[in-house]
Every structure is written in structure tokens, then in C-alpha cells.
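This report concerns only the one structure given below.
The values are calculated or read from the model by the stated rules, or taken from the named source; none is laboratory data. Quantities reported herein were computed from a predicted structural model and do not represent experimental measurements. Cβ placement follows ideal geometry from the backbone for every residue including glycine, while neighbour counts extend to all protein chains displayed.
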Ligand SMILES: [Zn+2]
């Protein structure tokens, strides 16, 4: 038995106990916004953007990147559920800055155990075998914090399934202060027509 699993279930029981009016929430997000952000455990979009249940779509992946799957969710978000403004929010000290496609492919090829992070980046401490499957994935790593926000806003803005009426804003979240800073170049690229 996992005590972590028990703790999650105990927390859920307490949450459901006081669920109250949330049972009546409609499906479309009340504030008509969608946020694409990183899965980093230090980021809590509900807290940093002041959201409650029912307010917004939050799409998360490693880096908060505009992957094909993130775009799939954004298209559903506006086309079926009416969101009208989108935020792309990357952050400082993102793990996606600490490796390259080549590096993670090499790590996975040698071992499937968790790697260690040292001053020179990630390195394997586990046993093999690994797998060459990592070579077939585009890991969407980040070489430039501001640049990746601009790139992702641009990709969303220019996607054929995204209407030009939805503004796409670009931001960086600072993990040391909790503050959002606008990436002005990204927001300019993401302007609605
Ligand atoms: Zn991150």
C-alpha cells in the first residue's frame, strides 16, 4: 500500500465533503479564458491567476509548449466551449532549459530509471537497458525563455484552426516571486485582428 495514495484519497474525501454548489457548475468556462502553462510542480495556475473551479481551461505539459496536442485542446476550448482569450505562460528555472533532445535521447537509451541533475546537467545513475524510442519524440526543449513564449504564441496565432479574433497573450512566471511578467513581443505577435 502506498501512503501517498492514501493521502490523496483522504484529501479527496475531505474535498468532496464540502463540494456544495460546485455540483451545479456549467461545462463552459465562466471567465472564457484558456491558459497553456508548464506542468512544473511549483506553478499553481488557480492560485497565480485567481481561478476557481469552473472559471478557465488550464492546459499543462512539460514547458507549456504549443505542441500539436496543446493546440488540439485549445481548438476544442474555443470551438465547443467558447473561450475567447488565451494565455501562454512559461516560467523561470524551467526544467526544459536543462537538457536538449540529444541529451534526453541519450539518457533514455542507456536507462529507464530517473536520472540525476548535476552542475553539468542530467546524468544517468540507474541501470539499463534503456530504449531508442526517445529518438522519435520531439521533446520541445527550451533554449531561450522569452523566445519560446514568442515561438509558441506565434504557432498558435498562425494555426489554420485558430480564428484571428482570439487574442493570445505571452507571459513568464517567476518562480522566485510568483509574479507574471508579460513578454511584450509575444503578446504583439498574438494580437487579435
Ligand atoms: Zn517548466
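Applying the criterion of being in a strand (DSSP E or B) and either free of Cβ contacts under 8 Å to residues at least 24 places away in the same chain or farther than 15 Å from residue 148 by Cβ (or both) to the residues of the stretch 77-93, the residue that is farthest from the ligand (Cβ to nearest atom) is 85.
The set of residues in the stretch 98-129 being touching a helix residue (DSSP H, G or I) at 6+ places or on another chain (Cβ under 7 Å) and within 16 Å of the ligand (Cβ to nearest atom) consists of 104, 121, 122.
If the condition is being modelled with pLDDT of 95 or more and at positive phi, then the stretch 97-147 contributes only 140. Scanning the stretch 17-70 for residues that are without any contact (Cβ under 8 Å) to a residue 12 or more places away in the chain and either within 15 Å of residue 85 (Cα to Cα) or within 14 Å of the ligand (Cβ to nearest atom) (or both) yields 41, 44.
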